[in-house]
Amino acid sequence: VTCYGGRNRRCAEAFARAGGKRSFESIEKELLNGQKLQGTLTIKEVFKILSRDGTLAQYPLFRSVHAIAFEGQPVESMLATLGCFRLQDAPKMLKQFGELEAKRTIVYYGRAGDKRAAL
């Protein structure tokens with residue numbers, strides 16, 4: 001349920017719509033009326049554990065989410081992590097497929113780093 005609804009999804013959508021330029025703290029204040037996100041706290045704690053244990057490289061999707069949420073990586077970098085296309089190609093792909101197409105769910109089966117687009 002939390003992937004499709006709930007406060008974590010709503011706040012993540014607001015974060016993405018702002019291009020990653022708003023903090024989760026400001027988004028919480030605006031959307032949650034005093035409630036807090038659990039997802040952002042969890043990712044910070046798990047990131048510390050994986051980094052400490054030297055296993056972060058085994059979780060590229062997790063690493064990408066953390067980099068987007070807390071290190072200023074562009075939201076579009078998730079597409080490169082998923083293996084859909086290279087990050088530098090993201091603006092061209094979004095323009096080519098148009099805004100409506102770019103919002104569709106991306107389904108891709110293959111190896112990370114494979115250069116096929118799956119839009």
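So the values come out like this:
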| item | result |
| --- | --- |
| Distance in nm between pseudo-label sites at Val75 and Gln38 (7 Å out along the Cβ direction from Cα) | 2.4 |
| Integer Hz, Karplus 6.51/-1.76/1.60 couplings in order for segment 6-16, x for Gly and Pro | x, 5, 5, 5, 4, 6, 5, 5, 4, 4, 5 |
| ³J(HN,Hα), Karplus 6.51/-1.76/1.60, whole Hz, each residue of segment 55-62, x for Gly, Pro | 10, 4, 5, 7, 10, x, 5, 4 |
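We did not get these values from a lab; they are worked out from the coordinates using the rules stated. Quick caveat: nothing in here was measured; it's all calculated off a predicted structure. When we count neighbours, we look across all protein chains shown, and the Cβ atoms used for this are built from the backbone with ideal geometry, even at glycine.
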